[in-house]
Every structure is written in structure tokens, then in C-alpha cells.
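Contents: one structure, followed by commentary.
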Amino acid sequence: MASNLLPTLDDTRTNATFEELMWALSRPGQPRELPAEGFWPLAESLLDRECSFHVTSDPTLDLKMAATGARRMPLADADYVFAALDSAEDVEALSTLRIGSLLYPDDAATLFAPARFGSGQRLRLTGPGIKDSVTIEVDGIDPAFWSMRARAIRYPLGWDLYLVDGKRLLGIPRSTTIEVL
């Protein structure tokens, strides 16, 4: 007897979140709408027993992520990092993120950070997935972050970045060049 397995509401939400994550990186600088707000839906879509994570500023989120079976790791060793970027100290700590190796560039970290879109620092993005250029405005990120990122990224080495503003998401892959305007 064949049975038809239908996805649960949780399956549908996590699959939709994962799809938005992929679209955000393939079209850098174009905001995507997530099914739910905040970091937890992103973590729920990505984390499992084969992943590691680091949370810098939210103990409640840290506990929820640990419940996924993913391993809690130091910042420099984590696959997925959830961190605020609003101070020079936060930015300095993130300079230790994994950038992969020439043999395994996919062994780099992925960084998730809160931000506010539509005001603040103006950035021009260029690179794959962008026709000509895209200009965005991002607030809530220490200005030193952008120069730290430029020093860290040596494509194909580097880490991918997701900025989260409520239910909105921006992806900035390591292949994207950022010019601060």
C-alpha cells in the first residue's frame, strides 16, 4: 500500500526559508522576504548534527540552536555565525572567521547579522548575479566592518554574509565587491 507523505507546515516553512537564502546569495543586494522573522527560522533551516554554530549576543537563540543537534563552536571554528556588527569590538572578533582554503573554499563560515535596510551607509555592490551594480543603504553595522571584510575576502576564499532586517534578507556572497560610498 502506497502512502502519500505530505510536507508538514514546519517542512514547508523551512524549505521556503532555505529557498530564500539561496535566492538572496544568487541575487546580491536584492531584498528577499522570509516566511518568518529573525535568526531562528534561518538556523532552523540550516542547522543539523553535521553543522557547527556560534552565537555572539543572544543566549536564548544559542540554547535553541544547540537543541538542533548542531555543535556549538568557538567563533573561529563555526560553520554558521550569528553576530551583531554594531561595534568595533564585534567587528574585530569577526576577523577570525574561517575563509576556507584553495583546496576547499566551501569550508568557509557563513555570517548572519542584524541590520536595518533603507538608511545608513550607502554601498555599491558589483560582481556575479548583479547587472552593472546595485546600491543599497544599510544601518546598524559599524563602518569598520566593510574594510575588515575587504581584507578578509580573497575570492574564492572568504565568507558569505546575510543581513537580516525583520523578515527581510540580503545576501552578499564572497564573490561580491563592496564599495563604500
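Any read-out appearing in this document is the output of simple, stated calculations on the displayed coordinates, not a laboratory observation. Just so you know, these numbers come straight off a predicted model, no measurement behind them. Using ideal geometry, Cβ is built from the backbone for each residue, glycine included, and neighbour counts are taken over all protein chains shown.
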What is the distance, in nm, between label points placed 7 Å from the Cα along the Cα-to-Cβ direction at LYS131 and at GLU92? 4.4
Residues with amide H under 5 Å from that of THR110, placed H, sequence gap 5 or more: TYR80, VAL81
Can you work out ³J(HN,Hα) from phi for every residue in the range 123-134, in order, using Karplus 6.51 cos²θ - 1.76 cosθ + 1.60 and θ = phi - 60°, giving whole Hz and x for Gly and Pro? 10, 9, 9, 9, x, x, x, 10, 7, 6, 7, 10
Sorting GLY127, PRO105, GLY69 by the position of each Cα along the dipole of the range 48-140 (Lys, Arg +1; Asp, Glu -1; all at Cβ), the one nearest the positive end of that ordering is GLY127
Once the chain is represented by equal point scatterers at the alpha-carbon sites, with solvent omitted, what log10 I(q)/I(0) does the Debye formula produce at q = 0.09 Å⁻¹? -0.31
In debye, nearest 20, what is the charge dipole magnitude of the chain about its Cα centre with +1 on Lys and Arg Cβ and -1 on Asp and Glu Cβ, if you could check? 420
What is the chain's relative contact order, in percent, from Cα pairs under 8 angstrom and six or more apart in sequence? 25
Where Rh is the Kirkwood radius over Cα pairs, Rg/Rh for the range 91-179: 0.95
